[in-house]
1. Taking a virtual spin label 7 Å from the Cα of D43 along the C-beta vector, which residues in the range 188-209 bring their backbone nitrogen under 20 Å of it?
2. Loop only by DSSP, 12 or fewer other Cβ within 10 Å of the Cβ. Give me the GluC sites (Glu not before Pro) in the range 40-140 that pass, ordered by residue number.
3. Keeping all protein chains in place, calculate the accessible area per residue for the range 312-401 (probe 1.4 angstrom), answer in Å².
4. Any idea how far apart E398 and D113 come out in nm if each label point goes 7 Å out from Cα toward Cβ?
5. Under 17 Å Cα to Cα from K384, which aspartates and glutamates show up? Leave out anything in the same chain fewer than 8 places away.
6. Looking at T127, S141, I115, which one has the Cα that reaches farthest to the positive end of the dipole of the range 111-153 (charges on Cβ: Lys, Arg +1; Asp, Glu -1)?
7. Would you mind computing, in nm to one decimal, how far apart the modelled labels at Q353 and R129 are, each placed 7 Å from Cα along Cα→Cβ?
8. Given K71/K144; K71/K106; K71/K248, which pairs have Cα atoms separated by over 23 Å?
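The values are calculated or read from the model by the stated rules, or taken from the named source; none is laboratory data. Source: prediction; values computed, not measured. Backbone-built Cβ (ideal geometry, glycine too); neighbour counts: all protein chains shown. Each accessible area value is taken on the protein alone, full model and side chains, heavy atoms only, with ligands, DNA and RNA left out. Shrake-Rupley method; radii C 1.70, N 1.55, O 1.52, S 1.80 Å.
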Amino acid sequence: MKLRLWLYGLTTTAIIFSAVVDIDRFFPIPTPVKTQKAIAALDPRIISNNASSITVQINSENSHGCGVIIKQEGNTYTVLTAANVVGEKSGKYKITTSDGKSYEAKDIKRLPDNIDLAVAKFVSNKTYRVAKLGNSDTIKSNDKVYVFGFSKTTSTTKKSVEHFAPGKTTANASNASKSLQNGYALMYDNQTLAGMNGSPVLNENGDLIAIHADSDTAEEASENPNVAVLKTTRNFAVPINTFVQQSKTVGIDLRISLPATVATSPKGDEYYIQGGQKEIKGDLKGAIADYSKAIEVNPQYAEAYNDRGIARFKLGDKQGSIEDFSQALRIISIGTNARYNRAYAYFQLQNYQSAIADFNEVLRINPNNADSYIYRGIARLELKDKQGGKADLQKAAELFKQQGRMEAYQKTLVMMRELQKYRLID
(Lines give C-alpha, C1' and ligand atoms only; values in the text may rest on other atoms or scores of the structure.)
Protein backbone atom coordinates (compact mmCIF):
# COMPACT_ATOMS: atom_id res chain seq x y z
CA MET A 1 0.00 0.00 0.00
CA LYS A 2 1.42 3.37 -0.95
CA LEU A 3 2.00 5.87 1.82
CA ARG A 4 -0.48 8.31 0.33
CA LEU A 5 -3.21 5.61 0.57
CA TRP A 6 -2.56 4.44 4.10
CA LEU A 7 -5.23 6.47 5.91
CA TYR A 8 -8.88 6.86 4.90
CA GLY A 9 -8.01 6.38 1.24
CA LEU A 10 -6.41 9.83 0.96
CA THR A 11 -4.32 10.42 -2.13
CA THR A 12 -1.61 12.91 -1.22
CA THR A 13 0.94 13.00 1.53
CA ALA A 14 0.09 16.60 2.35
CA ILE A 15 -3.52 15.66 3.12
CA ILE A 16 -2.46 12.55 5.01
CA PHE A 17 -0.07 14.43 7.18
CA SER A 18 -2.56 17.23 7.75
CA ALA A 19 -5.05 14.70 9.02
CA VAL A 20 -2.60 13.44 11.61
CA VAL A 21 -0.41 16.42 12.42
CA ASP A 22 -2.29 19.48 11.09
CA ILE A 23 0.81 20.10 9.00
CA ASP A 24 0.39 23.70 7.89
CA ARG A 25 -0.39 24.86 11.41
CA PHE A 26 2.78 23.45 12.91
CA PHE A 27 5.20 23.76 10.01
CA PRO A 28 4.29 26.98 8.11
CA ILE A 29 6.16 28.43 5.17
CA PRO A 30 8.63 30.90 6.69
CA THR A 31 9.33 34.46 5.58
CA PRO A 32 12.32 35.73 3.58
CA VAL A 33 15.93 35.66 4.67
CA LYS A 34 19.00 37.57 3.60
CA THR A 35 22.71 37.28 4.23
CA GLN A 36 24.00 38.94 7.40
CA LYS A 37 26.29 41.96 7.58
CA ALA A 38 29.29 42.04 9.87
CA ILE A 39 29.23 45.41 11.63
CA ALA A 40 30.17 46.51 15.12
CA ALA A 41 27.28 46.64 17.57
CA LEU A 42 26.36 46.62 21.24
CA ASP A 43 26.01 43.28 22.92
CA PRO A 44 22.33 42.29 22.53
CA ARG A 45 22.19 41.63 26.28
CA ILE A 46 23.00 45.28 26.92
CA ILE A 47 20.34 46.36 24.43
CA SER A 48 17.81 44.07 26.14
CA ASN A 49 18.63 45.43 29.60
CA ASN A 50 18.39 49.02 28.42
CA ALA A 51 15.15 48.31 26.55
CA SER A 52 13.52 46.87 29.65
CA SER A 53 14.01 50.18 31.46
CA ILE A 54 12.42 52.36 28.75
CA THR A 55 9.52 50.05 27.84
CA VAL A 56 6.17 50.26 29.60
CA GLN A 57 2.99 48.20 29.48
CA ILE A 58 -0.27 49.95 28.58
CA ASN A 59 -3.35 48.12 29.78
CA SER A 60 -7.08 48.63 29.96
CA GLU A 61 -9.85 46.23 30.91
CA ASN A 62 -9.97 44.74 27.41
CA SER A 63 -6.63 45.53 25.82
CA HIS A 64 -2.90 45.09 26.28
CA GLY A 65 -0.03 46.83 24.56
CA CYS A 66 3.33 48.47 25.14
CA GLY A 67 4.99 51.85 24.79
CA VAL A 68 8.34 53.56 25.22
CA ILE A 69 9.30 56.57 27.35
CA ILE A 70 10.59 59.30 25.04
CA LYS A 71 10.59 62.44 27.20
CA GLN A 72 10.74 63.68 30.78
CA GLU A 73 9.74 67.18 31.81
CA GLY A 74 9.79 67.62 35.59
CA ASN A 75 7.72 64.79 36.99
CA THR A 76 5.78 64.29 33.74
CA TYR A 77 6.80 61.52 31.35
CA THR A 78 5.71 61.13 27.72
CA VAL A 79 5.17 57.67 26.26
CA LEU A 80 5.05 56.90 22.55
CA THR A 81 2.98 53.91 21.43
CA ALA A 82 0.92 52.61 18.52
CA ALA A 83 -2.45 54.30 18.11
CA ASN A 84 -4.10 50.88 17.87
CA VAL A 85 -3.11 50.29 21.52
CA VAL A 86 -5.02 53.23 23.01
CA GLY A 87 -8.17 55.24 22.53
CA GLU A 88 -8.42 58.92 23.30
CA LYS A 89 -10.05 58.69 26.72
CA SER A 90 -7.57 59.51 29.49
CA GLY A 91 -7.89 57.52 32.68
CA LYS A 92 -9.05 54.37 30.91
CA TYR A 93 -5.50 53.06 30.50
CA LYS A 94 -2.84 52.21 33.06
CA ILE A 95 0.85 52.60 32.31
CA THR A 96 3.07 50.12 34.15
CA THR A 97 6.77 50.95 34.32
CA SER A 98 9.80 48.68 34.62
CA ASP A 99 9.65 48.71 38.44
CA GLY A 100 6.06 47.43 38.44
CA LYS A 101 4.48 50.77 39.39
CA SER A 102 1.22 51.69 37.64
CA TYR A 103 0.10 55.19 36.68
CA GLU A 104 -2.96 56.68 35.06
CA ALA A 105 -2.46 57.47 31.37
CA LYS A 106 -3.21 61.14 30.76
CA ASP A 107 -3.49 63.46 27.77
CA ILE A 108 -3.73 60.68 25.16
CA LYS A 109 -3.39 62.03 21.62
CA ARG A 110 -3.20 60.28 18.26
CA LEU A 111 -1.14 61.55 15.35
CA PRO A 112 -3.07 62.93 12.36
CA ASP A 113 -3.49 61.37 8.89
CA ASN A 114 -4.19 57.89 10.27
CA ILE A 115 -0.56 57.41 11.26
CA ASP A 116 -0.55 54.54 13.74
CA LEU A 117 1.13 56.43 16.55
CA ALA A 118 -0.13 58.02 19.76
CA VAL A 119 1.32 59.68 22.84
CA ALA A 120 0.24 59.49 26.46
CA LYS A 121 1.62 60.99 29.66
CA PHE A 122 1.95 59.89 33.25
CA VAL A 123 3.10 61.70 36.37
CA SER A 124 5.65 60.26 38.80
CA ASN A 125 8.25 61.51 41.25
CA LYS A 126 10.41 58.51 40.44
CA THR A 127 13.20 58.65 37.88
CA TYR A 128 12.81 56.56 34.74
CA ARG A 129 15.10 56.14 31.79
CA VAL A 130 14.23 57.95 28.54
CA ALA A 131 14.86 56.38 25.14
CA LYS A 132 17.56 57.76 22.88
CA LEU A 133 16.12 58.49 19.44
CA GLY A 134 17.94 57.24 16.37
CA ASN A 135 17.69 58.16 12.70
CA SER A 136 15.34 55.69 11.02
CA ASP A 137 16.24 56.93 7.54
CA THR A 138 19.67 55.30 7.84
CA ILE A 139 18.27 51.81 8.39
CA LYS A 140 18.92 49.50 5.44
CA SER A 141 17.56 46.11 4.52
CA ASN A 142 19.27 43.32 6.47
CA ASP A 143 20.29 45.61 9.35
CA LYS A 144 19.92 43.98 12.75
CA VAL A 145 17.06 45.31 14.84
CA TYR A 146 15.55 44.36 18.19
CA VAL A 147 12.02 44.52 19.57
CA PHE A 148 11.36 44.45 23.32
CA GLY A 149 7.94 44.13 24.89
CA PHE A 150 5.49 42.08 26.93
CA SER A 151 3.12 39.37 25.79
CA LYS A 152 -0.62 39.42 26.18
CA THR A 153 -1.86 37.54 29.24
CA THR A 154 -3.72 34.25 28.81
CA SER A 155 -6.79 32.84 30.49
CA THR A 156 -4.59 30.62 32.63
CA THR A 157 -1.87 33.10 33.56
CA LYS A 158 -2.39 36.68 34.64
CA LYS A 159 1.24 37.69 34.22
CA SER A 160 2.71 39.07 31.00
CA VAL A 161 5.92 37.54 29.72
CA GLU A 162 8.91 39.76 28.91
CA HIS A 163 10.09 39.12 25.36
CA PHE A 164 13.25 40.30 23.56
CA ALA A 165 13.18 39.54 19.85
CA PRO A 166 16.28 39.90 17.65
CA GLY A 167 15.90 40.03 13.89
CA LYS A 168 16.66 42.05 10.80
CA THR A 169 14.93 44.55 8.55
CA THR A 170 13.51 43.44 5.22
CA ALA A 171 12.44 46.85 3.89
CA ASN A 172 12.58 50.57 4.75
CA ALA A 173 10.42 52.95 2.75
CA SER A 174 10.72 55.95 5.05
CA ASN A 175 12.05 58.03 2.15
CA ALA A 176 9.38 56.87 -0.28
CA SER A 177 7.78 59.56 -2.42
CA LYS A 178 4.32 58.19 -1.58
CA SER A 179 2.74 57.87 1.85
CA LEU A 180 2.11 54.35 3.10
CA GLN A 181 -1.03 53.20 4.87
CA ASN A 182 -0.90 53.89 8.63
CA GLY A 183 2.66 55.16 8.23
CA TYR A 184 4.03 51.61 8.13
CA ALA A 185 7.34 52.18 6.36
CA LEU A 186 9.60 49.70 8.16
CA MET A 187 9.35 45.93 7.82
CA TYR A 188 11.36 43.32 9.75
CA ASP A 189 11.36 39.60 10.56
CA ASN A 190 11.59 39.50 14.37
CA GLN A 191 9.31 37.00 16.12
CA THR A 192 6.95 39.17 18.11
CA LEU A 193 4.10 38.19 20.41
CA ALA A 194 0.50 39.27 20.76
CA GLY A 195 0.38 42.25 23.10
CA MET A 196 3.62 43.78 21.84
CA ASN A 197 2.08 46.47 19.62
CA GLY A 198 3.59 49.80 20.68
CA SER A 199 6.93 48.22 21.61
CA PRO A 200 10.23 49.90 20.72
CA VAL A 201 12.19 48.80 17.66
CA LEU A 202 15.89 49.41 18.36
CA ASN A 203 18.97 49.47 16.16
CA GLU A 204 22.33 47.89 16.96
CA ASN A 205 23.27 50.87 19.12
CA GLY A 206 20.10 50.52 21.19
CA ASP A 207 18.57 53.68 19.69
CA LEU A 208 14.82 53.89 19.13
CA ILE A 209 14.22 53.80 15.38
CA ALA A 210 10.55 52.79 15.16
CA ILE A 211 7.39 51.73 17.00
CA HIS A 212 6.19 48.17 16.41
CA ALA A 213 2.57 48.49 15.29
CA ASP A 214 1.37 45.42 13.35
CA SER A 215 2.35 41.89 12.37
CA ASP A 216 1.28 38.91 10.34
CA THR A 217 -1.54 36.51 11.16
CA ALA A 218 -1.05 34.97 14.57
CA GLU A 219 -0.95 31.26 15.31
CA GLU A 220 -1.23 29.38 18.57
CA ALA A 221 1.99 29.22 20.56
CA SER A 222 2.34 25.69 21.82
CA GLU A 223 6.05 26.37 22.38
CA ASN A 224 5.51 28.48 25.49
CA PRO A 225 2.52 27.94 27.80
CA ASN A 226 2.96 31.40 29.30
CA VAL A 227 2.22 33.33 26.11
CA ALA A 228 -1.08 33.63 24.32
CA VAL A 229 -0.01 33.84 20.71
CA LEU A 230 3.17 33.54 18.68
CA LYS A 231 3.21 35.80 15.64
CA THR A 232 4.79 34.96 12.34
CA THR A 233 7.78 36.94 11.13
CA ARG A 234 6.32 39.74 9.00
CA ASN A 235 6.19 42.89 11.13
CA PHE A 236 5.40 46.55 10.42
CA ALA A 237 6.48 49.68 12.26
CA VAL A 238 6.18 53.44 12.01
CA PRO A 239 9.70 54.95 11.77
CA ILE A 240 10.71 57.35 14.54
CA ASN A 241 11.46 60.06 11.98
CA THR A 242 7.78 60.09 11.08
CA PHE A 243 7.00 60.95 14.68
CA VAL A 244 9.73 63.57 14.93
CA GLN A 245 8.35 65.30 11.84
CA GLN A 246 4.83 65.50 13.29
CA SER A 247 5.45 65.54 17.04
CA LYS A 248 4.36 69.16 17.40
CA THR A 249 0.90 68.27 16.07
CA VAL A 250 0.30 66.43 19.35
CA GLY A 251 1.95 69.08 21.50
CA ILE A 252 5.34 67.41 21.93
CA ASP A 253 8.47 69.50 21.47
CA LEU A 254 11.44 67.15 21.29
CA ARG A 255 13.86 70.03 20.69
CA ILE A 256 15.60 68.06 17.99
CA SER A 257 15.67 68.34 14.22
CA LEU A 258 16.11 65.66 11.62
CA PRO A 259 19.29 65.54 9.53
CA ALA A 260 18.92 66.37 5.87
CA THR A 261 17.48 63.45 3.93
CA VAL A 262 19.87 61.98 1.41
CA ALA A 263 18.18 61.27 -1.90
CA THR A 264 18.32 57.60 -2.84
CA SER A 265 17.39 55.72 -5.97
CA PRO A 266 14.07 53.88 -5.90
CA LYS A 267 14.32 50.50 -4.15
CA GLY A 268 10.78 49.27 -4.46
CA ASP A 269 10.47 48.93 -0.69
CA GLU A 270 7.20 50.86 -0.58
CA TYR A 271 5.57 48.36 -2.95
CA TYR A 272 7.04 45.44 -1.05
CA ILE A 273 5.64 46.73 2.26
CA GLN A 274 2.26 47.42 0.67
CA GLY A 275 2.27 43.88 -0.67
CA GLY A 276 2.96 42.49 2.78
CA GLN A 277 0.08 44.48 4.25
CA LYS A 278 -2.31 43.25 1.56
CA GLU A 279 -1.18 39.66 1.98
CA ILE A 280 -1.85 39.53 5.71
CA LYS A 281 -5.32 40.98 5.04
CA GLY A 282 -6.05 38.22 2.53
CA ASP A 283 -5.77 40.31 -0.65
CA LEU A 284 -3.39 37.91 -2.38
CA LYS A 285 -3.94 39.25 -5.90
CA GLY A 286 -3.30 42.78 -4.69
CA ALA A 287 -0.18 41.57 -2.88
CA ILE A 288 1.13 39.89 -6.04
CA ALA A 289 0.57 43.11 -7.99
CA ASP A 290 2.59 45.11 -5.44
CA TYR A 291 5.39 42.53 -5.26
CA SER A 292 5.54 42.65 -9.07
CA LYS A 293 5.89 46.45 -8.96
CA ALA A 294 8.72 46.11 -6.45
CA ILE A 295 10.45 43.71 -8.84
CA GLU A 296 9.95 46.14 -11.74
CA VAL A 297 11.75 48.83 -9.74
CA ASN A 298 14.43 46.45 -8.50
CA PRO A 299 14.86 43.24 -10.56
CA GLN A 300 17.26 41.95 -7.87
CA TYR A 301 14.63 42.13 -5.10
CA ALA A 302 14.95 38.58 -3.77
CA GLU A 303 12.46 39.08 -0.93
CA ALA A 304 9.79 40.30 -3.33
CA TYR A 305 10.25 37.19 -5.47
CA ASN A 306 10.08 35.00 -2.39
CA ASP A 307 6.93 36.62 -1.00
CA ARG A 308 5.25 36.70 -4.40
CA GLY A 309 5.98 33.00 -4.57
CA ILE A 310 4.24 32.47 -1.23
CA ALA A 311 1.20 34.47 -2.39
CA ARG A 312 1.06 32.49 -5.63
CA PHE A 313 1.29 29.25 -3.68
CA LYS A 314 -1.64 30.31 -1.51
CA LEU A 315 -3.67 30.97 -4.65
CA GLY A 316 -2.92 27.47 -5.92
CA ASP A 317 -0.28 28.42 -8.49
CA LYS A 318 2.39 26.03 -7.22
CA GLN A 319 4.39 26.01 -10.45
CA GLY A 320 4.43 29.81 -10.50
CA SER A 321 5.59 29.82 -6.88
CA ILE A 322 8.48 27.51 -7.77
CA GLU A 323 9.56 29.91 -10.51
CA ASP A 324 9.58 32.80 -8.03
CA PHE A 325 11.46 30.86 -5.35
CA SER A 326 14.00 29.79 -7.97
CA GLN A 327 14.53 33.41 -9.04
CA ALA A 328 15.05 34.43 -5.42
CA LEU A 329 17.69 31.71 -5.12
CA ARG A 330 19.47 32.94 -8.24
CA ILE A 331 19.85 36.30 -6.50
CA ILE A 332 20.69 34.98 -3.01
CA SER A 333 21.85 31.43 -3.52
CA ILE A 334 22.19 30.61 0.21
CA GLY A 335 18.71 31.83 1.15
CA THR A 336 17.35 29.00 3.29
CA ASN A 337 13.75 30.20 3.37
CA ALA A 338 13.38 30.46 -0.41
CA ARG A 339 15.00 27.03 -0.62
CA TYR A 340 12.61 25.65 1.98
CA ASN A 341 9.65 27.24 0.22
CA ARG A 342 10.62 25.70 -3.11
CA ALA A 343 11.11 22.32 -1.47
CA TYR A 344 7.65 22.61 0.08
CA ALA A 345 6.11 23.49 -3.29
CA TYR A 346 7.87 20.55 -4.96
CA PHE A 347 6.58 18.35 -2.15
CA GLN A 348 2.99 19.49 -2.74
CA LEU A 349 3.40 18.74 -6.46
CA GLN A 350 4.64 15.24 -5.45
CA ASN A 351 8.02 15.92 -7.10
CA TYR A 352 9.73 14.17 -4.22
CA GLN A 353 13.21 13.91 -5.73
CA SER A 354 13.41 17.69 -6.21
CA ALA A 355 11.88 18.28 -2.79
CA ILE A 356 14.47 16.04 -1.13
CA ALA A 357 17.31 17.79 -2.96
CA ASP A 358 16.17 21.19 -1.66
CA PHE A 359 15.51 19.92 1.87
CA ASN A 360 19.02 18.44 1.85
CA GLU A 361 20.44 21.90 1.15
CA VAL A 362 18.29 23.54 3.83
CA LEU A 363 19.50 21.01 6.37
CA ARG A 364 23.11 21.42 5.28
CA ILE A 365 22.84 25.12 6.15
CA ASN A 366 20.60 24.66 9.19
CA PRO A 367 20.76 21.14 10.68
CA ASN A 368 18.16 22.10 13.32
CA ASN A 369 15.31 22.77 10.88
CA ALA A 370 12.84 20.24 12.25
CA ASP A 371 10.17 21.02 9.65
CA SER A 372 12.51 20.01 6.83
CA TYR A 373 13.10 16.65 8.49
CA ILE A 374 9.33 16.07 8.62
CA TYR A 375 8.79 16.72 4.92
CA ARG A 376 11.96 14.99 3.77
CA GLY A 377 10.99 11.99 5.86
CA ILE A 378 7.57 11.72 4.22
CA ALA A 379 9.11 12.22 0.77
CA ARG A 380 11.59 9.42 1.47
CA LEU A 381 8.77 7.12 2.55
CA GLU A 382 6.94 7.91 -0.70
CA LEU A 383 10.05 6.77 -2.54
CA LYS A 384 10.05 3.55 -0.45
CA ASP A 385 13.07 4.56 1.63
CA LYS A 386 11.64 3.27 4.93
CA GLN A 387 14.89 3.52 6.86
CA GLY A 388 15.65 7.07 5.73
CA GLY A 389 12.08 8.21 6.26
CA LYS A 390 11.90 6.81 9.77
CA ALA A 391 15.26 8.37 10.68
CA ASP A 392 14.06 11.79 9.50
CA LEU A 393 10.81 11.59 11.47
CA GLN A 394 12.69 10.52 14.59
CA LYS A 395 15.11 13.42 14.15
CA ALA A 396 12.22 15.85 13.71
CA ALA A 397 10.58 14.61 16.93
CA GLU A 398 13.88 14.96 18.78
CA LEU A 399 14.35 18.54 17.58
CA PHE A 400 10.76 19.54 18.37
CA LYS A 401 11.28 18.33 21.92
CA GLN A 402 14.61 20.14 22.25
CA GLN A 403 13.10 23.35 20.89
CA GLY A 404 10.12 23.22 23.23
CA ARG A 405 7.59 22.70 20.42
CA MET A 406 5.80 20.07 22.47
CA GLU A 407 2.54 19.95 20.56
CA ALA A 408 4.38 19.37 17.28
CA TYR A 409 6.49 16.75 19.07
CA GLN A 410 3.40 14.88 20.27
CA LYS A 411 1.74 15.06 16.84
CA THR A 412 4.85 13.65 15.20
CA LEU A 413 4.84 10.70 17.62
CA VAL A 414 1.17 10.07 16.79
CA MET A 415 1.98 10.00 13.08
CA MET A 416 4.86 7.59 13.59
CA ARG A 417 2.66 5.22 15.59
CA GLU A 418 0.10 5.26 12.78
CA LEU A 419 2.80 4.56 10.20
CA GLN A 420 4.03 1.63 12.29
CA LYS A 421 0.48 0.36 12.67
CA TYR A 422 0.18 0.09 8.88
CA ARG A 423 3.75 -1.24 8.64
CA LEU A 424 4.93 1.68 6.54
CA ILE A 425 7.88 2.05 8.90
CA ASP A 426 9.46 -0.57 11.15
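1. 202-207
2. Details: sites: E61, E73, E88, E104; in loops: E61, E88.
Answer by residue number: E61, E88.
3. Working: 3740 Å² over 90 residues.
Counting only protein heavy atoms, the per-residue value for the range 312-401 is 42 Å².
4. 5.6
5. Qualifying aspartates and glutamates at Cα under 17 Å: D392, E418, D426.
6. Value computed over the given set: T127.
7. 5.8
8. K71/K144
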